Amino acid sequence: MSACNLVNKDSANDNLHFTFTEHIAPIIYKNCSPCHRPGSGAPFDLITFEDVKEHLKTVQLTINERLMPPWPADTAYSHFRDEKVMTKEEIFAVNKWIEEGAVEGDNSKLPSPPVFYSGSLLGKPDLTLKMKPYKISGDNKDNFIMLKIPFELEKDTFIRAIEIIPGNKKLVHHINAHLIQYSAGAKKNYSSGKPFVDTEKSDKLHAFEALELKNDDGTYPLLTPSVTNYLPGVETAMYPQGIGGFKAKKNGAILLDNIHYGPSPIDTSDETEFNIFFAPKAPARPTTEFILGTSGISPVVPTLIIPPNEVKTFVTRFKVDSDISLLTVNPHMHLLGKKFVAYGITPGNDTLHLIRINNWDFRWQYFYTFEKMMKIPAGTEIVVEGTFDNTVNNPLNPFNPPRTVSEREGSMRTTDEMFQLICTFLPYQSGDENISLKAK
Ligand code: HEC
């Protein structure tokens with residue numbers, strides 16, 4: 001939208017004159033309502049004139065400070081599809097409208113509000129699975145749980161994406177999910193087993209036993225790893241038809257290995273949902289992931305130990321050995337994270353900008369999908385630099401006074417640190433750099 005379109009040329013005098021119904025509603029619908037609506041994560045709705053009027057001061061403040069809509073990636077560095085960033089013209093219009101007294105305007109000009117499918121950011125799922133309610137006790141401790149959510153489909157089915165909708169948005173810190181697949185007749189009672197296993201008290205193998213994952217003959221079923229995951233603020237990356245996705249056998253289970261709940265001071269519970277989107281056929285181009293940094297394929301240098309009262313930068317590097325097409329990047333740090341930058345240096349010494357976050361925000365850990373596939377030529381070194389602030393100046397520092405915080409093998413506690421870049425990619429095919437990744 002350009003500034004000229006926003007100007008009401010018919011007004012009696014030449015003054016700019018903005019009204020909610022004509023100029024502001026479309027801006028709010030586009031930039032705020034996708035989250036600020038009933039059944040979504042935001043604390044209040046922003047759809048109607050009344051909604052916006054009620055929160056006018058904070059709406060203006062968060063827009064001007066670029067806090068809302070939330071988009072930590074630096075758009076001066078690289079671009080992604082569906083950027084949640086307002087244009088200068090939109091910001092100008094909101095400010096001008098407020099200065100002019102935030103007038104409602106003629107109701108006949110009000111565009112119809114956007115229609116959202118409640119309970120999903122991607123649209124209407126083909127199937128929704130819900131986990132059994134898990135009780136979280138108010139003991140201020142982290143909970144790490146493994147569980148399976150068995151399902152039976154009509155037949156073997158291709159799945160395009162699985163979206164996780166956390167039940168308790170405040171406490172669900174992360175979820176990693178795999179798919180367990182049973183061959184026909186391999187397991188009679190595939191929903192047997194304990195509903196939940198505390199993975200702090202039980203190693204993986206014992207947890208698998210307790211969940212009774214095995215086939216009836218004692219062998220393990222097929223496991224498709226990392227079919228979906230969740231981090232605060234995450235939106236599931238769904239690609240155009242034919243890119244990404246996997247096959248699910250008729251009988252199976254979503255295996256959460258694991259789900260991490262942050263500490264709670266009160267007794268509460270969680271009932272997370274899984275929206276499943278089917279695909280008509282096998283993906284022509286299935287995607288794969290690699291992880292740089294913590295628990296990944298490249299070491300963090302120096303070792304991720306952040307002494308108290310220090311701001312410290314770490315690096316992880318990885319050389320790509322064949323041409324790939326990069327689709328999505330997901331930077332990950334915890335509460336001490338401050339800055340994050342990832343780029344590639346090609347054999348010809350070109351720099352490929354991947355992502356830069358100047359003010360790390362733990363609450364918004366998107367999977368950033370490029371507008372088009374990004375070719376990373378063989379021999380490119382991907383370099384990731386992360387800066388952590390372990391001083392009292394970091395308001396999110398979990399310790400006061402600050403203490404040494406480090407990466408601990410296998411620990412994903414918020415009070416330990418992590419430094420990762422997760423990359424979703426495909427083997428490169430000629431012309432990939434022209435393929436749009438807007439989901440259709
Ligand atoms: C991606 C989802 C999303 C979008 C888009 C979004 N918000 Fe928010 N907003 C949230 C969530 C979630 C919160 C709750 C607080 C938090 O976690 O930061 C919030 C909080 C707020 C707050 C309260 C902040 C405070 O500190 O009291 C305001 C005001 C706000 N949003 C305004 C807006 C406006 C205006 C827009 C559009 C220009 C917008 N938001 C777009 C998700 C969103």
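The values are calculated or read from the model by the stated rules, or taken from the named source; none is laboratory data. Not measured: the values here are computed from a predicted model. We place every Cβ from the backbone using ideal geometry, glycine too, and count neighbours over all the protein chains shown. Quick note on the areas: whole protein, heavy atoms, side chains included, nothing else; ligands and nucleic acids left out. Shrake-Rupley method; radii C 1.70, N 1.55, O 1.52, S 1.80 Å.
A few notes on this one:
- Debye, to nearest 20: dipole size of the chain, +1 on Lys, Arg Cβ, -1 on Asp, Glu Cβ: 820 debye
- Greater than 22 Å apart at Cα, pairs in Lys130/Lys438; Lys187/Lys247; Lys170/Lys339: Lys130/Lys438; Lys170/Lys339
- Inter-centroid distance (Cα atoms) of the range 64-107 relative to the range 300-341, Å: 30 Å
- Charge dipole of the range 298-366 about the Cα centre (unit charges at C-beta), most positive-ward option of Thr313, Tyr343, Pro299: Thr313
- Helix-derived mean residue ellipticity, 222 nm - over the chain, DSSP H n ≥ 4, -39500 (n - 2.57), to 500: -2500 deg cm²/dmol
- The eigenvalues of the Cα gyration tensor, multiplied by 5 and square-rooted, give the chain an equivalent ellipsoid with semi-axes of 38, 27, 25 Å from largest to smallest.
- About the centre of its Cα atoms, the range 288-434 shows a dipole size close to 380 debye [charges on the beta carbon of Lys, Arg (+1) and Asp, Glu (-1) only; nearest 20 debye].
- For the peptides 115-122, 236-243, the ranking by mean Cβ contacts within 10 Å, running from highest to lowest, is 236-243, 115-122.
- Largest GNM mean-square fluctuation among Leu336, Leu211, Leu231, using the chain with Cα springs under 10 Å: Leu211.
- For the chain, the solvent-accessible area with a 1.4 angstrom probe is 48 square angstrom per residue.
- What the Cβ-Cβ distance of Asp361 and Asp323 gives, at R0 = 35 Å and to the nearest 0.05, is a FRET efficiency of 0.55.
- Selected from Leu327, Leu205, Leu153 as most flexible by GNM, with the chain as the system and alpha-carbon contacts under 10 Å: Leu205
- Pairs beyond 29 Å (Cα-Cα), from Lys169/Lys201; Lys57/Lys84; Lys214/Lys319; Lys201/Lys312; Lys88/Lys372: Lys214/Lys319; Lys201/Lys312
- Charge dipole (debye, nearest 20) of the range 245-367; +1 at Cβ of Lys and Arg, -1 at Cβ of Asp and Glu: 400 debye
- In the chain, the portion of solvent-accessible area held by carbon and sulfur atoms comes to 52 percent [1.4 Å probe, whole percent, DNA, RNA and ligands not counted].
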